Amino acid sequence: MAMGILVIGESGSGKTTSCRTLDPKTTYYIDADRKGLCWKGWKKQYNEANGNYLAGSKPDEVYDRVKLINDKDARIKTIVIDTLNGIMVDQEFRRMHEKNYDKWADLAWSIYKLIGVIGNMRDDLNIVCMAHAQTDHDENGFLFTRMKTSGRKLDKIVPESKFTTVLLAKASDGRYVFETHANHSTAKSPLGAFPEVEIPNDMKAVIDTLRKYEED
């Protein structure tokens with residue numbers, strides 16, 4: 001079983017930037033938003049020539065690439081999918097002229113299949129999924145932040161339920177951090193893995209901490 005990590009957050013909260021610390025030699029970056037990465041020199045680190053970068057959002061293409069890496073490319077230890085929303089929204093617009101219910105069922109299935117396959121991946125693989133966050137208000141003014149989805153079927157699935165670790169990326173007073181515990185959000189982490197409520201947005205450190213936690 002691969003280790004799955006979900007990172008949710010608003011645009012500009014540091015989701016992509018957290019991956020700056022990962023080793024490009026052992027990381028494959030799926031840029032579903034097709035926006036490029038956000039640190040100096042990333043194009044030399046991640047590109048098709050290096051065999052570690054895909055700019056694409058078609059659900060089957062992303063799923064097949066993850067499966068191929070799992071089955072055929074043992075050098076890759078971490079796959080980043082940035083973002084699940086890029087996959088959902090692009091697919092929604094590709095089929096925008098379809099007026100039937102099937103397109104929503106297909107959309108939900110494509111995401112469910114992608115995050116569900118993590119449990120069947122090799123043990124030494126880390127799969128990091130990025131997603132945008134949505135904050136809901138009820139009539140009493142209560143705030144709750146969760147992963148933003150397209151369509152009610154995905155809301156029913158609750159994508160966060162498929163992950164043991166869900167981190168909420170936040171930018172506050174010039175600091176970029178991950179929230180590791182639920183605080184009016186779906187953030188969560190294994191018991192005792194992260195004693196601090198907030199940690200630096202360093203994906204390598206997150207993975208190293210979780211791997212050590214598993215070993216101990």
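The values are calculated or read from the model by the stated rules, or taken from the named source; none is laboratory data. If you're wondering where the values come from, they're calculated on a predicted model, not measured in any experiment. Positions of Cβ are generated from backbone atoms using ideal geometry, with glycine treated the same way; all protein chains shown enter the neighbour counts. Quick note on the areas: whole protein, heavy atoms, side chains included, nothing else; ligands and nucleic acids left out. Shrake-Rupley method; radii C 1.70, N 1.55, O 1.52, S 1.80 Å.
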So, first residue of a type in the set (D, E, K, R) in the stretch 16-28, second residue open to solvent by 30 Å² or more (accessible area, probe 1.4 Å) and outside any helix (DSSP H, G or I), Cβ within less than 9 Å, six or more apart or across chains; the pairs are Arg20/Cys38; Arg20/Trp39; Arg20/Asp202; Asp23/Lys77; Lys25/Asn50; Lys25/Arg75
Those residues of the stretch 186-216 which are touching a residue at least 60 places away in the same chain (Cβ under 8 Å), acidic (Asp, Glu) and under 15 Å from Cys19 (Cβ atoms) amount to Asp202
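Please pick out the residue among Val7, Val66, Val89, Val62 that is touching a Ser or Thr at 6+ places or on another chain (Cβ under 8 Å), in a helix (DSSP H, G or I) and surrounded by 12 or more Cβ atoms within 10 Å (Cβ to Cβ). First the steps, then the outcome.
On the way: Val7 fails: in a helix (DSSP H, G or I); Val66 fails: touching a Ser or Thr at 6+ places or on another chain (Cβ under 8 Å); Val62 fails: touching a Ser or Thr at 6+ places or on another chain (Cβ under 8 Å).
When all the criteria are applied, what remains is Val89.
Give the residues of the stretch 10-44 that are part of a loop (DSSP other than H, G, I, E, B), within 23 Å of Lys58 (Cα to Cα) and not small (Gly, Ala, Ser), sorted by residue number. Explain how you work it out, then say what you get.
Quick first cut of the stretch 10-44, residues part of a loop (DSSP other than H, G, I, E, B) only: 10-16, 22-23, 31-41.
Within this subset, residues satisfying the condition of being within 23 Å of Lys58 (Cα to Cα) are 10-11, 15-16, 31-38.
Selection gives Glu10, Lys15, Thr16, Asp31, Asp33, Arg34, Lys35, Leu37, Cys38.
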Scanning the stretch 69-86 for residues that are open to solvent by less than 60 Å² (accessible area, probe 1.4 Å) and part of a helix (DSSP H, G or I), the one nearest to Cys129 (Cα to Cα) turns out to be Leu84
Selection from the stretch 92-106 of residues in a loop (DSSP other than H, G, I, E, B) and either acidic (Asp, Glu) or at pLDDT 95 or above (or both) yields Glu98
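Of the residues that make up the stretch 141-153, is at least one in a loop (DSSP other than H, G, I, E, B), open to solvent by 80 Å² or more (accessible area, probe 1.4 Å) and of a type in the set (A, V, I, L, M, F, W, C)? Steps first, answer last, please.
Just the residues of the stretch 141-153 that are in a loop (DSSP other than H, G, I, E, B), to begin with: 141-142, 148-151.
After this cut, where a residue has to be open to solvent by 80 Å² or more (accessible area, probe 1.4 Å) as well, the list is 142, 148.
Now narrow it down to the ones that are of a type in the set (A, V, I, L, M, F, W, C): 142.
Yes: one or more hits.
For the stretch 159-216, which positions are acidic (Asp, Glu) and at positive phi? Even if it seems obvious, please write down each step before you answer.
Just the residues of the stretch 159-216 that are acidic (Asp, Glu), to begin with: 160, 173, 179, 196, 198, 202, 208, 214-216.
Answer for the stretch 159-216, where residues must be acidic (Asp, Glu) and at positive phi: just Asp173.
Is one or more of the residues making up the stretch 190-206 among the basic types (Lys, Arg), part of a strand (DSSP E or B) and open to solvent by 10 Å² or more (accessible area, probe 1.4 Å)? Lay out the reasoning, then the answer.
Restricting attention to the stretch 190-206, the residues satisfying the condition of being among the basic types (Lys, Arg) are 204.
Those still in the list that are part of a strand (DSSP E or B) too: none.
Looking through the stretch 190-206, none of the residues is among the basic types (Lys, Arg), part of a strand (DSSP E or B) and open to solvent by 10 Å² or more (accessible area, probe 1.4 Å).
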Scanning the stretch 159-184 for residues that are free of Cβ contacts under 8 Å to residues at least 12 places away in the same chain and either hydroxyl-bearing (Ser, Thr, Tyr) or part of a loop (DSSP other than H, G, I, E, B) (or both), the one farthest from Asn126 (Cα to Cα) turns out to be Asp173
In this structure, is Ala55 open to solvent by 70 Å² or more (accessible area, probe 1.4 Å) and modelled with pLDDT of 95 or more? no
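From Tyr46, Tyr112, grab the single residue that is touching a helix residue (DSSP H, G or I) at 6+ places or on another chain (Cβ under 9 Å) and open to solvent by less than 70 Å² (accessible area, probe 1.4 Å).
Working: Tyr112 fails: open to solvent by less than 70 Å² (accessible area, probe 1.4 Å).
The unique qualifying residue is Tyr46.
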If you go through Asn120, Asn100, the only one that is without any contact (Cβ under 8 Å) to a residue 60 or more places away in the chain and more than 17 Å from Lys188 (Cα to Cα) is Asn100
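Could you say whether any residue in the stretch 162-176 is under 18 Å from Leu22 (Cβ atoms) and either open to solvent by 70 Å² or more (accessible area, probe 1.4 Å) or modelled with pLDDT under 90 (or both)?
Within the stretch 162-176 (the criterion being under 18 Å from Leu22 (Cβ atoms) and either open to solvent by 70 Å² or more (accessible area, probe 1.4 Å) or modelled with pLDDT under 90 (or both)), the answer is yes, since at least one residue qualifies.
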